[in-house]
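See below for the structure under consideration.
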Amino acid sequence: MAKPLLELERITVDFLKEEGPVTALSELSLQVFPGETLCLVGESGSGKTLASKTAMRLVEYENGRISRGNIWLGEQDISTWSQERMRTVRGRRAAMIFQEPMSAFDPVFTVGQQLVEAILQHGEKTAKEAWRHAVHLLGRVGIPEPELRMKMYPGELSGGMLQRAMIAMALSCSPELLIADEPTTALDVTVQAQILHLLQELKEEYGMAILLVTHDLGVAAEMADRVAVMYAGRIVEEAPAAELFERPLHPYTRGLLASVARAGLPRGTRLPSIEGSIPSLTAPPAGCRFHPRCPQAVPQCTQSEPPLAGYEGGRRAACWLAEEPGNPESPGGGWQAEAESPAQRSGDDADRRGSRRLEPAAAFAGVRHHDAGTAGEPGTARVPQPAAGLPDAGHGTRVFAKEAAIRSLSAAAPAAGEPGGSPLLFEVRGLCKAYPFGAACCGGRRAGFLPSTASR
Ligand SMILES: Nc1ncnc2c1ncn2[C@@H]1O[C@H](COP(=O)(O)OP(=O)(O)OP(=O)(O)O)[C@@H](O)[C@H]1O
Ligand code: NI
């Protein structure tokens, strides 16, 4: 097996608080291999951001202390390096992007000035070359009219554009590792999908590894080669993405997956959620930290802490009851979905009144695939079949629309070169994604044009 690019080895991080030291990460170990995407998932407060900041020795700026463990970047243990020396790593071998792109920019300088400065820091380019490279990078991340944007201030760009500009900034040093903390959480679903797609492309183009922090299992399913699940400052499970989603070993992972909406459940089904909340790190529960919330806990779980043990297929899990992969067991074990009463649904139904329905699963494809399918009279609208139009978003993830409906049907002006005359405007609500774990996340809407055909 290849050597890890980044390895946190039994890392413990403490914060000094008034009530005494709080151990926020305990004996955390993880590896990121060259060229892979490792997703770090878990509920809010589980320590994902902290783990990613620790990798770059940034916790020390927040009064955090790495009290134990090593941080390997390639062959070097950077855990004892001076902050001065760390500057040769940050923004060079490894770059970081965040949820809030404004934090990466200084509002009083133009985007171009800041990009050029970042490029010049590497000392390989003249000012003129740096400017050209900056324009190239902005174009590469999908910013239209990059020369124009170079002269703009960060506050003048939209959230999505600024996110792209931050990615361009991260790329300016061609890093081996990109650390991305919830990079798309603040964006609407369409822009989110575009940015994730861009990251995938750039990863291949630059041969980067990505450490992606996300609380969104859908994002993890789309992006991850491997997934590490965190709970209360520890890794509780780690596995190749497909295996983790198909057969989670830890009850916590099963709980997280069960709380994601699934295709095939009756409309209005109330999803199970994990009762309770993450324990206080000042006084974590004895034994397994998850036991107070675990539907499967046995007495042993309250007494001793399960180690992060290895299982078949390069998997690891910290649970006394984790089974060996290969044992058939339902992934939802311990967590049940509940049907909702019809009364609770009526609001939604009212919302749909007046909408005409398209074949589910297809409308999304109509946006680009002008050659397949037919849009006909209201009520008889047919749109391309998924096989014709739906790209596999990676790792078996498919996008489909659950409640596709023509909200407003209007004939728009014929587009130049449009086969079959004027297209029809449609709007799709409730975009869903079918994930390998059988789940579908809903939400979001999309408008587009369906092609009409000459046969009409
Ligand atoms: N600067 C700090 N000072 C003190 N404690 C901190 C600090 N940063 C993080 N912590 C502790 O570490 C825990 C984990 O925080 P972290 O931000 O890593 O969670 P997260 O998993 O990224 O959550 P979210 O999904 O909300 O971003 C916090 O609950 C807090 O107790
Ligand atoms: Ni976070």
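Every number in this text was worked out from the coordinates using simple rules, so none of it is lab data. Remember, predicted model here, so these are calculated numbers, not experimental data. Every residue, glycine as well, gets a Cβ built from its backbone with ideal geometry; the counts of neighbours run over all protein chains shown.
How far, in nm, would the chain grow between E62 and E323 when pulled straight, counting 0.36 nm per residue and subtracting the alpha carbon separation?
Contour length minus the Cα-Cα distance gives 90.0 nm.
Using the Kirkwood radius built from alpha carbon pairs, what does the Stokes-Einstein equation give as D for region 107-171 at 4 °C and 1.567 mPa s, in µm² per second?
114
What is the gain in length, in nm to one decimal, between H215 and F109 on full extension, counting 0.36 nm per residue of separation less the C-alpha to C-alpha distance? Write out the running numbers ahead of the final one.
Values: separation 106, 0.36 × 106 = 38.16 nm, distance 3.24 nm.
Length gained, H215 through F109: 34.9 nm.
Just want the ordering: M161, M152, from fewest to most Cβ atoms lying within 10 Å of their own Cβ. Spell out each step's value before the answer.
Working: M161 21, M152 16.
Sorted ascending by nearby Cβ count, the order is M152, M161.
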message = Classify region 39-151 from the C-alpha gyration tensor, please: rounded if a/c falls under 1.5, else prolate or oblate depending on whether a/b exceeds b/c.
response = prolate
inquiry  = Using Cβ contacts closer than 10 Å as the measure, can you line up M150, M166, M86 from fewest to most?
reply    = M86, M150, M166
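Please list, by residue number, every one of the trypsin sites (Lys or Arg not before Pro) in region 108-206 that is coil in DSSP and has at most 13 other beta-carbon atoms within 10 Å. Show your work: numbers first, answer last.
Working: sites: K125, K128, R132, R140, R149, K151, R164, K203; in loops: K125, K151.
Of the trypsin sites (Lys or Arg not before Pro), the ones in loops of region 108-206 whose Cβ has at most 13 other Cβ atoms within 10 Å are K151.
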request  = Would you mind computing, in nm to one decimal, how far apart the modelled labels at K125 and Q76 are, each placed 7 Å from Cα along Cα→Cβ?
outcome  = 2.3
remark   = Within region 40-87, DSSP-loop GluC sites (Glu not before Pro) with at most 13 other C-beta atoms within 10 Å are E75
